[in-house]
Amino acid sequence: MVGRGLRSAPCSGQPPGSRAGGRLLSPVMCGGGAPAVAAASSLPGRAEEERYCMELVRKRDYEGFLCSLLLPAESRSSVFALRAFNVELAQIKDAVTQKTIGLMRIEFWRKAVEDIYRDHAPQQPVAKELWKAIKRQHLTKKWLMNIINEREKNLDDRAYRNINELETYAENTQSSLLYLTLETLGVKDIHSDHAASHIGKAQGIVTCLRATPYHASKGKVFLPMDICMLHNVSQEDFIRHKQEQKVKDVIYDLASQAHVHLEHARSFRKNVPRKAFPAFLYTVALEDYLNKIQKVDFNIYHPSLHRKNPLLPLQLYIRSWKKAY
């Protein structure tokens with residue numbers, strides 16, 4: 001299990017205003033790799049569309065790919081379809097240079113989901129797999145539309161106004177994906193939903209942090225403006241890779257907020273049915289990043305933050321075996 005966070009954080013979930021000493025998450029037991037991961041996407045007899053979804057997720061959402069491999073067999077194909085759907089939408093923003101083109105691609109997926117629920121799936125591999133998943137587990141349309149609508153809003157190249165706006169984005173994308181994952185597991189439980197909400201928000205914040213060096217290299221910064229203003233940090237400071245203490249304070253506050261959400265999610269653990277735990281394996285990857293960023297004193301540009309953890313497959317397997325999150 002994990003220890004306390006970077007420091008004692010307020011229950012309100014508001015980001016702290018200054019840095020302080022403390023520990024992040026305790027390292028998880030770890031060991032060698034997992035050869036089954038490499039073989040999973042080439043098993044004979046899998047439908048072409050399913051293999052397509054698995055490969056797309058493996059390339060663009062590797063941690064999600066590993067987590068999906070550890071799901072029960074009756075949920076696995078559906079979750080790969082959901083994660084591939086999320087990848088298709090997530091990559092639109094970086095793939096287009098004109099917002100109009102992005103809106104057209106978003107509209108394709110909006111119409112695809114509408115058609116799927118009318119039992120007319122488009123002849124596109126991800127859409128076909130999504131149709132199968134919806135037929136198998138009667139997935140809620142609202143969560144799919146939330147993902148689409150929020151990705152559409154996010155096509156605007158501007159920073160989040162405040163931490164609440166970032167968390168709303170995360171709730172409607174990452175948390176919605178977790179609600180759908182719970183549905184594939186046959187879980188309908190208010191405590192599981194609360195945990196999923198907080199884990200999704202933590203994931204959204206961590207994703208924003210991880211993407212900052214890439215975005216800064218393109219002259220863009222999407223970190224919440226209220227946190228930057230609190231520490232008198234400009235977007236130019238990130239673009240120029242400045243390592244001043246005030247820049248690290250911004251990263252510390254956001255990492256702290258992500259950790260607060262993980263702690264809130266775990267506060268529901270006693271009431272969450274064990275059947276739901278596989279949906280929350282992504283917490284292992286979030287812990288891993290938060291541990292690493294603390295070790296490098298919240299230097300968002302440190303090379304170690306951008307290397308894959310070769311022990312992550314085993315860490316995920318151990319957490320799955322322990323039936324914990």
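The values are calculated or read from the model by the stated rules, or taken from the named source; none is laboratory data. A quick note: this is a predicted structure, and the numbers were derived from the prediction, not measured. Ideal geometry is used to build each Cβ from the backbone, glycine not excepted, and the neighbour counts take in all protein chains shown. What goes into the accessible areas is simple: the full protein's heavy atoms, side chains included, and nothing from ligands, DNA or RNA. Shrake-Rupley method; radii C 1.70, N 1.55, O 1.52, S 1.80 Å.
What the table shows:
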read-out: Extended-chain gain in nm, criterion 0.36 nm per residue less alpha-carbon gap, His194 and Asn232; value: 10.3 nm
read-out: Note, ³J(HN,Hα) from phi for segment 204-218, Karplus 6.51, -1.76, 1.60, rounded to Hz, x at Gly and Pro; value: x, 5, 4, 4, 4, 5, 4, 7, 4, x, 5, 5, 4, 5, 9
read-out: Contour excess over end-to-end distance, with Cα ends at Thr100 and Lys135 and 0.36 nm allotted per residue; value: 9.4 nm
read-out: Peptides 84-91, 275-282 ordered by average Cβ neighbours within 10 Å, highest first; value: 275-282, 84-91
read-out: Spatial separation of Cα centroids for segment 223-281 and segment 136-183, in angstrom; value: 18 Å
read-out: Nearest-20 debye value, the chain charge dipole, Cβ charges on Lys, Arg, Asp, Glu; value: 660 debye
read-out: Met104 accessible area, assembled protein chains, probe 1.4 Å, Å²; value: 120 Å²
read-out: Efficiency of FRET from Cβ geometry, Glu55 and Arg110, R₀ 30 Å, rounded to 0.05; value: 0.75
read-out: Probe 1.4 Å - accessible area at Lys99, Å² to nearest ten; value: 100 Å²
read-out: Two-site FRET efficiency, Gln243 against Gln91, from Cβ-Cβ distance with R₀ of 35 Å, rounded to 0.05; value: 0.70
read-out: Prolate/oblate/rounded call for segment 235-282, Cα gyration tensor, a/c under 1.5 rounded; value: prolate
read-out: 0 to 90° range, to nearest 10: angle between helix 73-90 axis and the chain longest Cα axis; value: 60 degrees
read-out: Cβ-placed point charges (K, R +1; D, E -1), dipole of segment 74-120 about Cα centre in debye, nearest 20; value: 180 debye
read-out: Built amide H within the under 5 Å cut-off of Tyr282, gap 5+; value: none
read-out: Ranked order, Ser267, Ser256 - accessible area, probe 1.4 Å, largest first; value: Ser267, Ser256
read-out: Accessible-area ranking of Thr181, Thr100, largest first, probe 1.4 Å; value: Thr100, Thr181
read-out: Per residue accessible area of the chain, 1.4 Å probe, in Å²; value: 46 Å²
read-out: Phi-based couplings in Hz for segment 179-189 (Karplus 6.51, -1.76, 1.60; Gly and Pro marked x); value: 4, 5, 4, 4, 5, 5, 8, x, 9, 10, 8
read-out: Rounded tilt (10° steps) of 245-266 against the dominant C-alpha axis of the chain; value: 50 degrees
read-out: The chain, helix-only ellipticity at 222 nm - DSSP H runs n ≥ 4, -39,500 (n - 2.57), divided by all residues, nearest 500; value: -19000 deg cm²/dmol
read-out: Given charges at beta-carbon only (K, R positive; D, E negative), |dipole| of segment 91-222 in Debye; value: 280 debye
read-out: Label point distance in nm, Tyr62-Tyr214, each placed 7 Å from Cα along Cα→Cβ; value: 1.2 nm
read-out: Solvent-accessible surface (1.4 angstrom probe) belonging to His138, in square angstrom, nearest 10; value: 150 Å²
read-out: For segment 97-181: rounded, prolate or oblate by the Cα gyration tensor [a/c cutoff 1.5]; value: oblate
read-out: Rounded to 10°, Cα long-axis angle of helix 283-295 versus longest principal axis of the chain; value: 20 degrees
